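The values are calculated or read from the model by the stated rules, or taken from the named source; none is laboratory data. Note that the coordinates shown come from a computational prediction; the quantities given were computed from them, not determined experimentally. Quick reminder, even Gly has a Cβ in these numbers, built from the backbone with ideal geometry, and neighbours come from all protein chains shown. Remember, those area values only see protein heavy atoms, side chains included, never the ligands or the DNA or RNA. Shrake-Rupley method; radii C 1.70, N 1.55, O 1.52, S 1.80 Å.
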Amino acid sequence: LHCRRGRLSGRIVETEAYPVGDAAGHAFRDETPSIRSLFLARGYAYVYFTYGSCFMMNVSSEGPGVGAGVLLRALEPLEGIRLMERRRGTNRLLDLARGPGRLAQAMDIDKRYDGADLCAGGKLWLGSGVRRAGQIGASIRIGITRDVHLLHRFYEYGSPFVSGPKRLRE
């Protein structure tokens, strides 16, 4: 992310998938104005406010008109760490972007990025990895009440930046 104070970046180390037909996904009941960006082509940001306190971001994952996405749950901070610390109010590196709300706050992601093309090279974009990912683990998703049995949470095994209970990251 490019902001007026510098560049913020990180390696994505944890995601959750919400595929077509998933009862836990925001797109399950069909398109509405508030979730329109989830129905864009692959690679668009769907940013929403939740729990009355934080923003979260999904990346749309299907073709135009098909609602599905991948929630960004955690990242390993790489650049702009001092800016992230100020935004988060902590200098504890492991807690800067561990969890989707913390990630959005650290990266200054809010509703202004809803619908942004993350592949177009604007202020917010997804790029290629700075190093290969380690072994990928899978588990149940965190904090949902529908389709809880599905193994749709993916994380870099052994990364200290992964969120959630210890039993779900080992």
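When you scan the range 94-104, do you find a residue that is surrounded by fewer than 17 Cβ atoms within 10 Å (Cβ to Cβ), of a type outside the set (A, V, I, L, M) and outside any helix (DSSP H, G or I), even just one?
no
Quick one: would you say R42 is in contact with a helix residue (DSSP H, G or I) (Cβ under 7 Å, 6 or more places away or on another chain) and either among the aliphatic types (A, V, I, L, M) or surrounded by 15 or more Cβ atoms within 10 Å (Cβ to Cβ) (or both)?
The answer is no for R42.
Identify all residues within the range 41-93 that are part of a strand (DSSP E or B) and among the aliphatic types (A, V, I, L, M); write none if there are none.
Correct list: A45, V47, M56, M57, V59, V70, L71, L72, A74, L75, L78.
Could you run through the range 101-151 and say how many residues are more than 24 Å from G89 (Cα to Cα), of a type in the set (D, E, K, R) and at pLDDT below 95?
Residues that pass the stated criteria total 5.
Go through the range 115-125 and report how many residues are of a type outside the set (G, A, S), surrounded by fewer than 20 Cβ atoms within 10 Å (Cβ to Cβ), touching a strand residue (DSSP E or B) at 6+ places or on another chain (Cβ under 7 Å) and assigned to a loop (DSSP other than H, G, I, E, B).
2
Here are the criteria: (1) open to solvent by 30 Å² or more (accessible area, probe 1.4 Å); (2) closer than 16 Å to A116 by Cβ; (3) β-branched (V, I, T). Tell me which single one T90 does not satisfy.
Condition (2) is where T90 drops out.
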